[in-house]
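Taking it in order: structure first as structure tokens, then the write-up.
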Amino acid sequence: MSTAPADVQAQEAGKPLFEIGIGGGVGYVPDYPAADENHLRGAALPYVVYRGDFLRADRDGVQGRIYRSDRVTFEVSLEGALGSSADDNDARQGMPDIDLLGEIGPALKINLRKDAIANERIDVTVPVRGVFSTDFSDIQYRGLVFAPDIAYARGGLLDRDARFRISAGPIFATSHLMDYYYQVDPRYVRAGRQAFDADGGYLGSRVQTTLMVPLTERIAVFGAVRGELFSGATNDDSPLYRRDVNLSVGGGLTFSLYGSSSRATGVEELLD
């Protein structure tokens, strides 16, 4: 029987504190919210994972924990989304492309349930993020997004280290971001596409689920499905609003190139 203290055992059982790898994936995703065209997009990028108590960076994003208690975490987080070409979308022909988008801002996370035995948790997250776009030549501010959600996460579904998550919630955005998606300036008017000035408000609601399953100590596969409902959205009378429901599917794999000998302090990062 081991005589190591419980906290040392937890550290030894944890994952590497620092990890570097490469991930690649492909998805069939809509060109923008409420678009009626999807396109296949893929990417392969390096990733860095840091499983610290106050700073965490993983495949889901970056969180800087400003305050943390047993049930409440206040953090700064980052999100992102791929852009789309106007030339490949009939509704936006002749208009500017939608560039790569990034989001940054504070988020309050409240844990409603945490079960270490079942390795599952339920959280409510309330984020407010600034949105920026880039075509890699400059960066433009695109407004604010407010996207609270409730999420259920569970580990060990198909494998001890497998991670499953499903979340749902509404999305609200300021007029600046709505303009980016739905505004039609007079110079872009054509038959079937009248001028339109978008307003801030309700953008839509989203349900998304992800599953990551390790195949080996270094290789993991993941899949994701996202459904979005835009019925009743503030700008549903825009000529660029084409469909009430969007569906996205995607998947890929990650390959860990390096993991530090130092371990994260939590046995299960899902419950950390």
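For this structure, a couple of remarks:
- Among 166, 139, 98, the order of accessible area from largest down is 139, 166, 98, computed with a 1.4 Å probe on protein heavy atoms.
- Cα-based Rg / Dmax (Å) for segment 82-217: 19.3, 61
- The modelled label-to-label distance for the pair residue 225/residue 37, using points 7 Å beyond Cα in the direction of Cβ, is 2.7 nm.
- log₁₀ of I(q)/I(0) at q = 0.07, 0.11, 0.17 Å⁻¹ - segment 8-256, Debye sum with one point per alpha carbon: -0.27, -0.65, -1.48
- Projected-area average for segment 92-172 over all orientations - Cα convex hull basis, square nanometres: 8.1 nm²
- When the convex hull of its Cα atoms is projected in every direction, mean area for segment 163-225 (nm²): 7.0 nm²
- Segment 8-256 - percent relative contact order, Cα under 8 Å, separation 6 or more: 17 percent
- Applying 0.36 nm per residue to the separation of residue 128 and residue 245 and subtracting their alpha-carbon distance, the gain on full extension is 39.7 nm.
- What a 1.4 Å probe finds exposed on segment 8-256 is 60% carbon and sulfur by accessible area, rounded to a whole percent.
- Reducing segment 156-234 and segment 88-106 to their Cα centroids gives an inter-centroid distance of 13 Å.
- Our Cα-only numbers for segment 132-205 put the radius of gyration and Dmax at 18.6, 57 Å.
- Accessible surface for segment 8-256, divided over its residues, is 51 Å² per residue with a 1.4 Å probe.
- Cα→Cβ-extended label distance, 7 Å offset, between residue 18 and residue 74, nm: 2.9 nm
- Potential lengthening between residue 150 and residue 137 on full extension [0.36 nm per residue; Cα-Cα distance subtracted]: 1.0 nm
- Paramagnetic reach from residue 90 (point 7 Å along Cα→Cβ, amide N under 20 Å) across segment 185-199: 188-195
- Computed from point charges on the beta carbon alone (+1 for Lys and Arg, -1 for Asp and Glu), the dipole magnitude for segment 8-256 about its Cα centre is near 820 Debye.
The values are calculated or read from the model by the stated rules, or taken from the named source; none is laboratory data. None of these values were measured; they are calculated from a predicted model. All Cβ positions, glycine included, derive from the backbone under ideal geometry; neighbour counts span all protein chains shown. In case anyone asks, the SASA skips ligands and DNA or RNA and just uses the protein heavy atoms, side chains included. Shrake-Rupley method; radii C 1.70, N 1.55, O 1.52, S 1.80 Å.
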